[in-house]
Amino acid sequence: MDEANTLIEKFEYHLVNLLSKRTLLESFVFPVHTYIAVGLYNLYYKAPKAFQMLAAHITPEELGRRGRVLCSTINQKTHFSIMLGYLVGREQLIMDGAISTKEEIAEDEEKLLNLLSFWKKMVMAYRNNEGIFVSDTGNRLNVLDEHDLMTIRELIQYVDDVSRDKLRRMMALIQSYLFLLNCESRGNIFHHGPYMMEGKNSVIVVREFSSLKSGPLAVYVDANPPWPNLAVALELKGVQVKIDEVGTMHTQPEDYTPAIEGFALLYNKQGKLTELGREAMDEITSFVEQAQNQVFSRVTELDEHSLIISGALQYSNLTHYFDVAGVSGYTNELHERCIDEHLARMINIRIHPFMRKLNFLNNTKRLLTRLGGAIMNADTA
């Protein structure tokens, strides 16, 4: 229990750190605050049983190791986000007064201890025992094995101004498209590195777009992408690179485009790293432009109820873990309590009180409830 509480405290620290660097969450299309709250309720209800199902077929260590490949759909971001989301969903229920009796508290503690145990083993295997959080290794996230890294180093080619601008435009379009496709969240966008470029004063950062067509809104994309996923290996010179807990790259200077010395386009073909020629940029860009227009035109026709459900399903999606584990029997759907209780309430109040609490971080005494103590059903800030 002491170890679990230490992890909870670290998640609280990273939650504050991440949100202190974010701006407004709301958008003109999606009711982001509302669907996040519903999605995190859903994680609380579904994650313990889901990982219990996985544990019957695969060890957490093996599941973690399977994520150490290019464009894996499970990675540091999904691991961190699901565990943090579960903890925040739990906090929402505590603030609602839904976890208050001795029986409810005991059940809550048992589920959380089991989930944290599985999660920690999985993450340590994914990170090759280099800590649990990215901050444990100085905001460096190295997950590729030496063979794949050597291959990437050999594939990187010199870049000129024309190809640099074309690359920048392609990456910007993909990011915008995936942001919309994932209900204005950063699903399927992930960075890792920096990796040293041997014999040179430069580093490699890999920018992954782990799926170009997935999620609740993918049904609105008529065509299939020319490649299911894409990774851009960037050689950067004269740039300080840091990766955060959700796989976002932070650079100094902020605009790293002029510092791109070379790049390689790759994708994961049935588990193998495969090179794409630079001419692939035109085909990918064309697909993304058409797909984004399709999704946007359909999304603007959806009612608020449908938008909230889509966003909640995106935020609580665990199917990638079952796909990687090769286990069937899991469906990405809202738990009955989300449908019967939380959906209507969140549409009414819009923003959960816990999110409001996060807006006053400097005055907050407690964010995430530790185990082994009395659970308060009121805000203690």
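General observations
- Top-ranked residue of the range 307-351 - restricted to ones that are part of a helix (DSSP H, G or I), among the charged types (D, E, K, R) and touching a residue at least 12 places away in the same chain (Cβ under 8 Å), ranked as surrounded by the fewest Cβ atoms within 10 Å (Cβ to Cβ): Asp323
- Qualifying residue in the range 283-306 (condition: in contact (Cβ under 8 Å) with a residue 24 or more places away in the chain, in contact with a Lys or Arg (Cβ under 8 Å, 6 or more places away or on another chain) and over 30 Å from Leu87 (Cα atoms)): yes
- Some residue of the range 92-100 being in the same structural domain as Tyr330 (by TED's automatic domain parsing), closer than 20 Å to Ile243 by Cβ, out of contact with any Asp or Glu (no Cβ under 9 Å at 6 or more places or on another chain) and crowded, with 19+ Cβ neighbours inside 10 Å: no
- Filter pass, Val38 being within 30 Å of Glu301 (Cα to Cα), touching a Phe, Trp or Tyr at 6+ places or on another chain (Cβ under 9 Å), surrounded by fewer than 19 Cβ atoms within 10 Å (Cβ to Cβ) and in contact (Cβ under 8 Å) with a residue 12 or more places away in the chain: no
- Condition check for Val159: assigned by TED's automatic domain parsing to the domain that holds Lys242, of a type in the set (Val, Ile, Thr) and either in contact (Cβ under 8 Å) with a residue 40 or more places away in the chain or within 30 Å of Glu91 (Cβ to Cβ) (or both): yes
To keep it simple, each residue is scored yes or no on (1) at pLDDT 95 or above; (2) farther than 19 Å from Met171 by Cβ; (3) touching a Cys at 6+ places or on another chain (Cβ under 7 Å).
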| position | (1), (2), (3) |
| --- | --- |
| Val203 | yes, no, no |
| Phe209 | yes, no, no |
| Tyr220 | yes, yes, no |
| Asp255 | no, no, no |
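- Qualifying residue in the range 15-25 (condition: outside any helix (DSSP H, G or I), surrounded by fewer than 23 Cβ atoms within 10 Å (Cβ to Cβ) and among the β-branched types (Val, Ile, Thr)): yes
- For the condition over 29 Å from Glu12 (Cβ atoms), surrounded by 14 or more Cβ atoms within 10 Å (Cβ to Cβ), in contact (Cβ under 8 Å) with a residue 24 or more places away in the chain and more than 23 Å from the chain's Cα centre (by Cα), Leu167 qualifies.
- Test: Arg68 is within 23 Å of Leu266 (Cα to Cα) and touching a residue at least 40 places away in the same chain (Cβ under 8 Å): yes
- Index of the failed condition, Ile132 passing every other in (1) more than 19 Å from the chain's Cα centre (by Cα); (2) hydrophobic (A, V, I, L, M, F, W, C); (3) assigned by TED's automatic domain parsing to the domain that holds Phe11: (1)
- Members of the range 242-272 that are in a strand (DSSP E or B), surrounded by 20 or more Cβ atoms within 10 Å (Cβ to Cβ) and within 23 Å of the chain's Cα centre (by Cα): Ile243, Met249, Leu265, Leu266, Tyr267, Asn268
The values are calculated or read from the model by the stated rules, or taken from the named source; none is laboratory data. On a predicted model such as this, the values are computed, not experimentally measured, just so you know. Note that each Cβ is placed from the backbone with ideal geometry, even for glycine, and that neighbours are counted across all protein chains shown.
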